[in-house]
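Working notes, structure below.
The values are calculated or read from the model by the stated rules, or taken from the named source; none is laboratory data. Small disclaimer: the values here were computed from a predicted structure and weren't measured. Here the Cβ is made from the backbone with ideal geometry for all residues, glycine too, and neighbour counts use every protein chain on show. The protein model used for the area step is the full one, side chains on, heavy atoms only, and it has no ligands, DNA or RNA in it. Shrake-Rupley method; radii C 1.70, N 1.55, O 1.52, S 1.80 Å.
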Amino acid sequence: WQTPSQGNNNDRMIFPAIVRAGNSNFYVATIFSDDNGTSWQKGEFTPVSGPTEADMVELNDGTLLLSARNDGGAAGTRYHFLSDDGGETWTQTSHDLAVSKVDIGLTRYSAVRSGDVEDRIIVSAPMGTSAGPNRNNLAIWSSLDEGATFGTPHQLVYGQSAYSDIVTLSDGSIGIIYEATGNTLLKFINIELDDVQ
């Protein structure tokens, strides 16, 4: 969905990478290819230090949204950034997603411009317990405003759940893989989004 003013990067392959700079601070930079993986380039660091494990999703106007774990000194558990040039540079933005400090899953579920009835982005992460953010109680959050806000979480797992990843499957259901016992047991959940609304 990249426009000419954004660089028309519609065939770009891209992923976020953690960088530990010479000052020992963590940043995220994107690694991207415009020739189907023959060669790779790197984007600029995030404008603040502290972001580490990150995921990206394209918004319906061609902007990229980067959500990164906060391993810096700032308040909160995550950083969010936007890019208008295909992930080459980033601007920090606000958000209301409060989860534990882990690598989350982030995916686009639907888009009006693709013929769906709504714009929906989904996150998977542990919602924690009453003691605060911790690696328990896996949930999913939906955003209906392109990542500006995320609604009430829908809990899927009771008990330990750490890193996760989420994907929209070809049949329209959601697939989630997550750590169920520290880093020794992985489990898979397959759900219909209608079942958790």
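Couple of notes before you dig in:
- Amide H within-cut-off set for F150, under 5 Å, with H built and near neighbours excluded: D96
- Rotationally averaged projected area of the stretch 76-197 (alpha carbon convex hull; nm²): 8.4
- Close amide-amide hydrogen proximity is noted between L106 and S124, I166, each under 5 Å apart and 5 or more residues distant or on a separate chain (H modeled in the peptide plane; Pro and chain starts excluded).
- Estimated inter-spin distance, V48 and T152, nm [label 7 Å along Cα→Cβ]: 3.0
- Dipole magnitude of the chain, debye to nearest 20 (Cβ charges: Lys/Arg +1, Asp/Glu -1, about Cα centre): 760
- Full extension of the segment from L144 to D35, taken as 0.36 nm per residue of separation minus the current Cα-Cα distance, would add 35.9 nm.
- Phi-derived couplings, Karplus 6.51 cos²θ - 1.76 cosθ + 1.60 at θ = phi - 60°, listed residue by residue for the stretch 97-110: 8, 10, 9, 6, 7, 9, 7, 9, x, 9, 8, 8, 8, 7 Hz, with x used for Gly and Pro.
- Separation of the T3 and N25 label points, Cα + 7 Å toward Cβ, nm: 3.2
- What the chain shows is 49 Å² of accessible area per residue, with the surface traced by a 1.4 Å probe over protein heavy atoms.
- Per-residue ³J(HN,Hα) for the stretch 170-178, Karplus 6.51 cos²θ - 1.76 cosθ + 1.60, θ = phi - 60°, Hz, x for Gly and Pro: 5, 8, x, 7, 10, x, 10, 10, 8
- Largest mean-square fluctuation among S33, S110, S67, in a Gaussian network model of the chain whose springs join Cα atoms under 10 Å apart, belongs to S33.
- Net charge of the neighbourhood of I14, taken over other residues with C-beta under 10 Å away and scored Lys/Arg +1, Asp/Glu -1, is -2.
- Between N10 and S94, the contour length at 0.36 nm per residue exceeds the Cα-Cα span by 27.6 nm.
- Choice from A68, A111, A54 with maximal GNM fluctuation in the chain (Cα, 10 Å cutoff): A111
- HN-Hα J in Hz across the stretch 128-144 - Karplus 6.51, -1.76, 1.60, θ = phi - 60°, x for Gly and Pro: x, 10, 4, 6, x, x, 7, 8, 9, 6, 4, 9, 10, 10, 10, 10, 9
- For the chain, with all protein chains in place and a probe radius of 1.4 Å, 49% of the accessible heavy-atom surface sits on carbon or sulfur.
- Two-site FRET efficiency, S114 against L186, from Cβ-Cβ distance with R₀ of 45 Å, rounded to 0.05: 0.90
- Given charges at Cβ of Lys, Arg, Asp, Glu: the chain dipole, positive-most of Y27, P4, V196: Y27
- Separation between Cα centres of the stretch 1-79 and the stretch 128-197, rounded to whole Å: 22
- Highest-first arrangement of 189-195, 124-130, 147-153, where packing means the average Cβ count within 10 Å: 124-130, 147-153, 189-195
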